[in-house]
Amino acid sequence: MTNKSFHKLLASAILFLLIFQFPALGQTPKKSLVNWMTLEEALIKQEKEPRTILLDAYTDWCGWCKVMDTTTFADPNIAGFINARFYPVKFNAEGFDTIMYRGKKYVNPNTGRRSSHELANELLNGRLSYPTLVYIDEKFNNYPVAGYLKPEQIEPILIYFSEQVNKSAPYDDFNKSFESVYHQQALPVDRINWISFEDAIEKVQKEPRKIIVSIYSGTIVSSLLYNATILTDSAITDYINQNYYAVKMLAERTDTVTVSGRTFVNELKMPNYPHQLPIALLNGEMYYPTLLMMDEKTMIINKVKGFINKTDTDLILHYFASNAYQSKTWDEFKASYQKSTP
C-alpha cells in the first residue's frame, strides 16, 4: 500500500463509522446530536455489550459546560463518533438524584450552596472542576479529563479512550503520533521490507528468521497511526529489516490466501468484517493493532496488543529477536536492557 492510499485510509477511518453505522446522522436534528442517557442506563448497556462510558460532569452555573454543548457536542462528526464508540452520560454534579453505582448509593448531602453530589467527588477524584469528562471502562476504572475542549482537541482523546490505547501507551505518546499525521500532508516514508504472509512462510523454511506480523484495521485509528508513525521510525525499521520477515496485514482484506495447503477468505467481503487468516492467527481475539511474533518454526510466540510507544516497541523487537524471552521475563529483560543502554 502506498503512502498516499494509506493516508487516505487513515483520514477516512472516523468517517467510516458515521457513514456505515450511523447513516441517519445527516438528517436535521430535533434534539442533541449526542444520544445522552443516565448512568444507570449506561451501566446496563455496558454489562451486555462492553464499551467505555463517557460521562459529562456539568453544573447549571458552568458557562463553559454550555459552550461545550453548543459547539463540541453539536459537531456532527464528534457526536457521531461518541454515539458509535461510547455510552454517553449527562451527569449534573450538583444534582439531587439518588444514584446506585457499583452496589453503593450516592446522594447529594445538600450541605449548602453549590453542594456537590457524592458521586461527583468519587468520579472526579475530589477535583471538582467543570466541565469534566470521565471515561469509565468495563472494569470501572475511571479517567477524568477536566476543561473545555474544542472539537479538534477532543478528537484524539476520544480515540485514545474508545480504542483503549490508555492501557498500552501514555496519552502524550499517542497524541504525538496523532498530531504528526493529521497535521502533515505526507506520511513518513515506510522503509520496512514488507512481504506477504505466504512469502514469509516460504522464506523461513529456506533461511530461518523470526516473523513479525502487524495486523491492523482500516477502521481503528490507533492501529493506522501505529503503522504510520512508530513502525516508520528509522531505528525500528532497520532492526526489523535485519532480524525479521515483516508482514503487514489488513484485517479486512478481501483476497484469497493459501498457506500450507489451507485456503483463507473473507466470507462476507463487507466493510469492518475480518478475513479468515487474521481470525485464525489471533484465535478470534480481534484486537488492533496486534504485533504477532512467530519463531523460526512459524510457531506463534506472542501477540503484543495495542498502540505501543517507540521505546517499548524497540524493546519488544529486541526481546524476541534475541531469544531473551526464553530465559527472562519481560520485566527482567526491560530492566537489564535499560541498565545496559547508555
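May I ask you to list the residues in segment 149-184 that are part of a helix (DSSP H, G or I) and hydrophobic (A, V, I, L, M, F, W, C)?
Ile154, Ile157, Leu158, Ile159, Phe161, Val165, Phe174, Phe178, Val181
Of the residues Tyr245, Tyr239, Tyr273, only one is assigned to a loop (DSSP other than H, G, I, E, B) and more than 21 Å from Phe161 (Cα to Cα); which?
Tyr273
Find the residue count for segment 27-78, including only residues that are hydroxyl-bearing (Ser, Thr, Tyr), in contact with a Ser or Thr (Cβ under 9 Å, 6 or more places away or on another chain) and not in a loop (DSSP other than H, G, I, E, B).
Going through segment 27-78 one residue at a time, the tally reaches 1.
Would you pick out the residues in segment 65-114 that are in contact (Cβ under 8 Å) with a residue 40 or more places away in the chain and among the basic types (Lys, Arg)?
Once the filter is applied, which keeps residues that are in contact (Cβ under 8 Å) with a residue 40 or more places away in the chain and among the basic types (Lys, Arg), segment 65-114 yields Arg85, Lys90, Arg114.
Considering only residues of segment 286-342 that are part of a loop (DSSP other than H, G, I, E, B) and hydrophobic (A, V, I, L, M, F, W, C), which is nearest to the chain's Cα centre (by Cα)?
Here the residue is Phe307.
How many of the residues in segment 96-108 are of a type outside the set (Gly, Ala, Ser) and exposed (fewer than 10 other Cβ atoms within 10 Å of the Cβ)?
1
Which numbered condition trips up Leu187, out of (1) under 30 Å from Arg262 (Cα atoms); (2) outside any helix (DSSP H, G or I)?
So the condition that Leu187 fails would be (1).
Residues are listed down the side, and each one gets a yes or a no for (1) crowded, with 21+ Cβ neighbours inside 10 Å; (2) under 20 Å from the mean Cα position of the chain (by Cα); (3) not assigned by TED's automatic domain parsing to the domain that holds Tyr287:
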{"residue": "Ser129", "(1), (2), (3)": "no, no, yes"}
{"residue": "Val145", "(1), (2), (3)": "no, yes, yes"}
{"residue": "Gln153", "(1), (2), (3)": "no, yes, yes"}
{"residue": "Val181", "(1), (2), (3)": "no, yes, yes"}
{"residue": "Gln184", "(1), (2), (3)": "no, no, yes"}
{"residue": "Ile220", "(1), (2), (3)": "yes, yes, no"}
{"residue": "Ile236", "(1), (2), (3)": "no, no, no"}
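Looking at (1) out of contact with any strand residue (DSSP E or B) (no Cβ under 7 Å at 6 or more places or on another chain); (2) crowded, with 17+ Cβ neighbours inside 10 Å, which is the one condition that is false for Leu277?
It is condition (1) that Leu277 fails.
Exactly one of (1) within 19 Å of the chain's Cα centre (by Cα); (2) among the small types (Gly, Ala, Ser); (3) modelled with pLDDT of 95 or more is unmet by Ser196. Its number?
Unmet condition: (1).
Of everything in segment 298-327, what is over 22 Å from Thr232 (Cβ atoms) and without any contact (Cβ under 8 Å) to a residue 12 or more places away in the chain? Give them in sequence order.
Scanning segment 298-327 gives Met299, Ser322, Asn323, Ala324, Gln326, Ser327.
Of these, Leu315, Leu292, which one is surrounded by 15 or more Cβ atoms within 10 Å (Cβ to Cβ) and touching a strand residue (DSSP E or B) at 6+ places or on another chain (Cβ under 8 Å)?
Just a single option satisfies the conditions, and that option is Leu292.
Is it fair to say Asn227 is part of a helix (DSSP H, G or I), touching a residue at least 24 places away in the same chain (Cβ under 8 Å), surrounded by 15 or more Cβ atoms within 10 Å (Cβ to Cβ) and not aromatic (Phe, Trp, Tyr)?
So Asn227 passes the test.
With (1) more than 21 Å from the chain's Cα centre (by Cα); (2) without any contact (Cβ under 8 Å) to a residue 60 or more places away in the chain; (3) surrounded by fewer than 16 Cβ atoms within 10 Å (Cβ to Cβ); (4) not assigned by TED's automatic domain parsing to the domain that holds Ala246 as the list, and Glu202 as the residue in question, which single condition is left unmet?
Only one criterion in (1) more than 21 Å from the chain's Cα centre (by Cα); (2) without any contact (Cβ under 8 Å) to a residue 60 or more places away in the chain; (3) surrounded by fewer than 16 Cβ atoms within 10 Å (Cβ to Cβ); (4) not assigned by TED's automatic domain parsing to the domain that holds Ala246 is unmet by Glu202, namely (4).
The values are calculated or read from the model by the stated rules, or taken from the named source; none is laboratory data. Here the structure is a predicted model, which is why all the values come from computation and not from measurement. As a convention, Cβ positions derive from the backbone with ideal geometry for all residues, glycine included, and neighbour counts pool all protein chains shown.
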